[in-house]
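The values are calculated or read from the model by the stated rules, or taken from the named source; none is laboratory data. Only a predicted model underlies this, so the values are computations on that prediction, with no experimental measurement involved. Positions of Cβ are generated from backbone atoms using ideal geometry, with glycine treated the same way; all protein chains shown enter the neighbour counts. These area figures cover heavy atoms from the full protein model, side chains too; ligands, DNA and RNA do not enter into them. Shrake-Rupley method; radii C 1.70, N 1.55, O 1.52, S 1.80 Å.
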Amino acid sequence: MADRRIVVLTGVTRGLGRAMAARLIEAGHTVIGCGRSLNAIKTLEAKHGAPHRFDCIDIVDDVQVAEWAASVIKQFGPPDLLLNNAAIINENANLWEISADEFNAVIDVNIKGVANVIRHFVPAMVQRESGVIVNFSSGWGRSTSPEVAPYCATKYAIEGLTQALAQELPRGMAAVPLNPGIINTEMLQSCFGDSAHHYPDADEWSRFAVPYILSIKAKQNGQPLSVTP
């Protein structure tokens, strides 16, 4: 296909990441994905195979990300589309009841992990002066709810981090914070309980979300975007 893209996708082993990978591959794009579950990575490798690539990587570990990015760029070149999707959420609780360890874990994955991926993939994109970076935000990066304060804090951070990054990019590139909407995933179920089933699941969501993400252009650089059916 003429517009075949190289897509780097974090958090590929479950939820939105796994659904996006399937839709992107169906559309003819090459997906390079990472996640922390080795068994899930092996399943993806067996299902999709070359030219796609899946690696067991903890994005919190900057050394792992550096080695992974160098290997990916050597094999495929700079990505055309970088999707920072990986994230975790705290168990529902008042902020003062959340342990330091749990708070740190959310910060480490949702902010530092995104920064690590940017640090090691974006320089090659900048050198080429093309590519789109989508950092997944949330409705809770633009509003708040009780009992998810650490998660809200990280998604507000993603909004600011992404808009600052957008100001640093050369003309022809884009970085956008993306609110994916409300989707019935394990993460939502942990917050909403049975009410999560009132929302579309990841597979249904991906069928309108992936075309939208693929349509993001350089002229949208820095704009807070949202996926809507």
*asked:* Being at positive phi and surrounded by 15 or more Cβ atoms within 10 Å (Cβ to Cβ) narrows it down to one residue among GLY131, GLY77, GLY141; which is it?
replied: GLY131
_Whether any residue in the stretch 54-66 is open to solvent by less than 50 Å² (accessible area, probe 1.4 Å), farther than 13 Å from VAL117 by Cα and not in a loop (DSSP other than H, G, I, E, B) is what I want to check._
yes
*Could you please tell me which pairs satisfy a Cβ distance under 7 Å, a separation of 6+ or placement on different chains, a first residue in the stretch 200-212 that is β-branched (Val, Ile, Thr), and a second residue that is assigned to a helix (DSSP H, G or I)?*
VAL210/MET20; VAL210/ARG23; VAL210/LEU24
*State whether one or more residues within the stretch 94-110 are touching a Pro at 6+ places or on another chain (Cβ under 9 Å), of a type in the set (Phe, Trp, Tyr) and over 26 Å from ARG207 (Cα atoms).*
yes
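Yes or no, residue by residue, for (1) in contact with a helix residue (DSSP H, G or I) (Cβ under 7 Å, 6 or more places away or on another chain); (2) under 24 Å from ASP61 (Cα atoms); (3) of a type in the set (A, V, I, L, M):
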position: ILE6; (1), (2), (3): yes, yes, yes
position: GLY11; (1), (2), (3): yes, yes, no
position: ALA19; (1), (2), (3): yes, no, yes
position: ARG23; (1), (2), (3): yes, no, no
position: VAL31; (1), (2), (3): yes, yes, yes
position: GLY35; (1), (2), (3): yes, yes, no
position: ASN39; (1), (2), (3): no, yes, no
_Where ALA166 falls short, out of the listed (1) under 30 Å from TRP96 (Cα atoms); (2) outside any loop (DSSP other than H, G, I, E, B)_ = (1)
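Assess whether ARG36 counts as being open to solvent by 30 Å² or more (accessible area, probe 1.4 Å), charged (D, E, K, R) and in contact with a His (Cβ under 6 Å, 6 or more places away or on another chain).
On the way: open to solvent by 30 Å² or more (accessible area, probe 1.4 Å): yes; charged (D, E, K, R): yes; in contact with a His (Cβ under 6 Å, 6 or more places away or on another chain): no.
No: the conditions fail for ARG36.
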